[in-house]
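Q: Here it is, the structure in full.
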Amino acid sequence: MKYYSENLILKLNNYASQLRMDALKMIYERGAGHPGGCLSCAEIISTLYFYYLRINPRNPHWEDRDRFILSKGHASAILYAALARRGFFEIGELQTWGHPNSRLQGHPDRLKTPGVEMTSGTLGQGLSIASGMGLAAKLLNAKWHIYVLMGDGECQGGVVWEGAMMASKYHLSNITVIVDYNDVQLDGACHEIMPLEPFVKKWQSFNFAVIEIDGHNIIEILKAFDLSKEIHDKPTVIIAHTTKGKGVSFMENEAKWHGVAPDEEQYRMAITELKGGTNE
Amino acid sequence: MSKLMSSRIAYGEALVDCGIENNQVVVVVADVSSSVKTDFFEKRFPERFFNVGIAEQCLVNVGVGLSLEGFIPFVNTFAGLLLRSFEQIRTCVGYANTNVKLVGSYAGISDYKDGATHYSICDIAAMRAIPNLTVIVPADAVEVRKFVPKIAEFTGPVYFRISRADTPVIFDDSHQVTIGKGQIIHEGDDLTIIAIGVMVERSIRAAQLLKKEGIKVRVINMPTIKPLDQNLINLAVHETGAMVTAEEHSIVGGLGGAVSEYISQVHPVPIEFVGVYDTFVETGLNHEYLLDHFGMSVEDIIKAAKKVFKRKNEYH
């Protein structure tokens, strides 16, 4: 098993914390966005962008890069923050998000933003698109890997399972799906709106290798990515159990924080918590 | 009556030729390969052929993924069924401007045995409303064959509409096609019929009959509906002063919509529409019968032409 230093874990946790603050700041300043689903995937994004993905900010279209698709495009704020912190564009540009002529659209746009692999925002698309990319990689005999970050709610849509069948049929082991399983969607709890369970069995029955982890635990995320690379006959799904709104107590597990921006007071309280303080 | 030829077979053969020319060409299909004739490609290039099953949304997105990596995917199903993936086409093909070639076969009412579930009478309206999409409707099997390599060479998403029927051959092998260009195939200056698909040959027949009655009709074959050949329409508007559009599609939002949107902005002239009159068409015993009984007969074209010609003369 691969050894990961405490320094690396600390660094990735710090990045996760930084990205949470960046995303919340963007959402607060813009007065729009999706805080809950950004906060829940911060460790997954930090691990990908600051350790795992083979990417080159100076050459976003580098042929041999790993591909990352944010299927849950509503979490654009944290993706943009990660791209900026990773050096794809200036951090100051994050302030332009959603403004006229900005390269940062409400949802990711591959044609406008350096580092955005594929346009997303309407849910459910990532896996079937990744399947096409996975087939392409096989035809090209390419070694790059495709990571798809999905929300749990979008797994309610049929096209996800069409994509899953495609990836299975062609044994696309170059695809790793991560499901940010925070069990909250716009209208309420996923298990009430449209239950996904038995979720592990669903993916297993679609011939995916299934790895279940705590999606806020960097070591578990790293090990899951390592393991998925060892699987050569089928695609992998990492079911990452997470908390929607993670890190901001009043946002945690609350559907109402799916898609609204905090006001000034709420923003101040959230940042205090994310910096490790309390609002007592 | 001209000789009949199958557009779908012409398509299947052209696709193989394209695959020989260019190893970036790949084919994706949703369980209709032997119907839409992509099985020819599968046989020749099995490694570049992918069947997604009856899953049209996945069909389009797999094409999107392949195109992102530099391949040229021809994505195939029945035109009527492709509408199931309209959102994928809007977002992942149109908005993301991916180089996906969407091929809607069995288009219009050509799948006469299956009926309204399998007809596509609003596909042109839907596709041409999506920014970045180029929409092409070939007039016969020769044009199908000529367009396939042009579409492969062209950069950008394309919707290509193919009939199930064996349709009359209009052109010989010397025929040249250019994306974005129409051409005059029958001269006249009393009025213009702009037609697509199987209605081109019917419009020529209508023009020949009208000539005997002293009405000189210009017929334009307009295979590219988007972007429209505005110069050719402008000339027709100014030189003939009256328009008929003829299409195997609803009169709502198709060729008639495209032409009238344009001329109403630059130089309005009387216009009449020949097509399906905003109704679902029944199952039939053959394609010709359905065309003749649901508003797309040669007689329907003649009536529209006479009506518009009368309106034009009342204007002056």
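Q: Within the stretch A:60-70, is there a residue that is away from every other protein chain (no Cβ under 14 Å), at negative phi and part of a loop (DSSP other than H, G, I, E, B)?
A: no
Q: Here are some conditions: (1) touching a Gly at 6+ places or on another chain (Cβ under 6 Å); (2) within 12 Å of another protein chain (Cβ to nearest Cβ); (3) surrounded by fewer than 24 Cβ atoms within 10 Å (Cβ to Cβ); (4) not in a loop (DSSP other than H, G, I, E, B). A:Ala137 meets all but one. Which one does it not meet?
A: (1)
Q: When the residues of the stretch A:117-165 are filtered to those that are touching a strand residue (DSSP E or B) at 6+ places or on another chain (Cβ under 9 Å) and of a type in the set (Ser, Thr, Tyr), which remaining residue is nearest to A:Asn59 (Cα to Cα)?
A: A:Tyr147
Q: State which residue pairs qualify: first residue more than 7 Å from chain B (Cβ to nearest Cβ) and inside the stretch A:156-170, second residue crowded, with 18+ Cβ neighbours inside 10 Å and of a type in the set (D, E, K, R) in any location, beta carbons under 6 Å apart, and separation of 6 or more residues or different chains.
A: Close Cβ pairs (under 6 Å, with a partner that is crowded, with 18+ Cβ neighbours inside 10 Å and of a type in the set (D, E, K, R)) do not exist here.
Q: Identify all residues within the stretch B:8-32 that are farther than 17 Å from B:Ile151 by Cβ and either surrounded by 20 or more Cβ atoms within 10 Å (Cβ to Cβ) or within 13 Å of chain A (Cβ to nearest Cβ) (or both); write none if there are none.
A: B:Ala30, B:Asp31
Q: Right, something else. Go through A:Tyr49, A:Tyr80, A:Tyr4 for me and flag whichever is among the hydroxyl-bearing types (Ser, Thr, Tyr), without any contact (Cβ under 8 Å) to a residue 40 or more places away in the chain and farther than 23 Å from A:Asn253 by Cα.
A: Being among the hydroxyl-bearing types (Ser, Thr, Tyr), without any contact (Cβ under 8 Å) to a residue 40 or more places away in the chain and farther than 23 Å from A:Asn253 by Cα holds for just one of A:Tyr49, A:Tyr80, A:Tyr4, which is A:Tyr49.
Q: I'd like the residue in the stretch A:92-113 that is in contact (Cβ under 8 Å) with a residue 12 or more places away in the chain and assigned to a helix (DSSP H, G or I) and, out of all such residues, is farthest from the other protein chains (Cβ to nearest Cβ).
A: This residue is A:Gln95.
Table: residues versus (1) buried (at least 18 other Cβ atoms within 10 Å of the Cβ); (2) modelled with pLDDT of 95 or more; (3) not assigned by TED's automatic domain parsing to the domain that holds B:Ser85.
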residue	(1), (2), (3)
B:Val137	yes, yes, no
B:Gly156	no, yes, no
B:Thr178	no, yes, yes
B:Thr192	yes, yes, yes
B:Met199	yes, yes, yes
B:Lys211	no, yes, yes
B:Lys216	no, yes, yes
B:Ile225	yes, yes, yes
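Q: Name the helices (runs of 4 or more DSSP H) wholly within the stretch B:113-229 that hold at least 2 residues that are more than 18 Å from B:Gly253 (Cα to Cα)?
A: B:141-153, B:199-212
Listed here are the residues, each with its yes/no results for (1) in contact with a Phe, Trp or Tyr (Cβ under 7 Å, 6 or more places away or on another chain); (2) surrounded by fewer than 19 Cβ atoms within 10 Å (Cβ to Cβ); (3) more than 23 Å from A:Ser228 (Cα to Cα).
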{"site": "A:Glu6", "(1), (2), (3)": "no, yes, no"}
{"site": "A:Ile9", "(1), (2), (3)": "no, yes, no"}
{"site": "A:Leu12", "(1), (2), (3)": "yes, no, no"}
{"site": "A:Ala32", "(1), (2), (3)": "no, yes, yes"}
{"site": "A:Cys41", "(1), (2), (3)": "no, no, no"}
{"site": "A:Ile45", "(1), (2), (3)": "no, no, no"}
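Q: Out of everything in the stretch B:43-63 that is assigned to a helix (DSSP H, G or I) and under 24 Å from B:Pro138 (Cβ atoms), what residue ends up being farthest from the other protein chains (Cβ to nearest Cβ)?
A: For the stretch B:43-63, the residue satisfying everything is B:Lys43.
Q: Please verify whether the stretch A:216-239 includes one or more residues that are assigned to a loop (DSSP other than H, G, I, E, B), hydrophobic (A, V, I, L, M, F, W, C) and farther than 29 Å from A:Tyr4 by Cα.
A: No; the residues of the stretch A:216-239 include none that is assigned to a loop (DSSP other than H, G, I, E, B), hydrophobic (A, V, I, L, M, F, W, C) and farther than 29 Å from A:Tyr4 by Cα.
Q: Taking the stretch B:56-106 as the search range and keeping residues that are farther than 19 Å from B:Arg128 by Cα and of a type in the set (Gly, Ala, Ser), which one is surrounded by the fewest Cβ atoms within 10 Å (Cβ to Cβ)?
A: Across the stretch B:56-106, the extreme among qualifying residues is B:Gly70.
Q: Could you list, in sequence order, all residues of the stretch A:114-134 that are part of a loop (DSSP other than H, G, I, E, B), buried (at least 24 other Cβ atoms within 10 Å of the Cβ), touching an Asp or Glu at 6+ places or on another chain (Cβ under 8 Å) and facing chain B (nearest Cβ under 7 Å)?
A: The one that is part of a loop (DSSP other than H, G, I, E, B), buried (at least 24 other Cβ atoms within 10 Å of the Cβ), touching an Asp or Glu at 6+ places or on another chain (Cβ under 8 Å) and facing chain B (nearest Cβ under 7 Å): A:Thr119.
Q: Checking B:Ser85 against (1) away from every other protein chain (no Cβ under 14 Å); (2) of a type in the set (S, T, N, Q); (3) part of a helix (DSSP H, G or I), which test does it fail?
A: (1) is the only condition that B:Ser85 fails.
Q: Could you count how many residues in the stretch A:140-155 are without any contact (Cβ under 8 Å) to a residue 24 or more places away in the chain and either touching an Asp or Glu at 6+ places or on another chain (Cβ under 6 Å) or surrounded by 24 or more Cβ atoms within 10 Å (Cβ to Cβ) (or both)?
A: Count: 0.
Yes/no per residue for (1) of a type in the set (Lys, Arg); (2) surrounded by 22 or more Cβ atoms within 10 Å (Cβ to Cβ); (3) more than 28 Å from A:Leu19 (Cα to Cα):
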{"residue": "A:Gly158", "(1), (2), (3)": "no, no, yes"}
{"residue": "A:Met166", "(1), (2), (3)": "no, yes, yes"}
{"residue": "A:Asn174", "(1), (2), (3)": "no, yes, no"}
{"residue": "A:Asp180", "(1), (2), (3)": "no, yes, no"}
{"residue": "A:Ile193", "(1), (2), (3)": "no, no, yes"}
{"residue": "A:Gln204", "(1), (2), (3)": "no, no, yes"}
{"residue": "A:Gly215", "(1), (2), (3)": "no, yes, no"}
{"residue": "A:Leu227", "(1), (2), (3)": "no, no, no"}
{"residue": "A:Glu230", "(1), (2), (3)": "no, no, yes"}
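The values are calculated or read from the model by the stated rules, or taken from the named source; none is laboratory data. Computed from a predicted structure; not experimentally measured. Backbone-built Cβ (ideal geometry, glycine too); neighbour counts: all protein chains shown.
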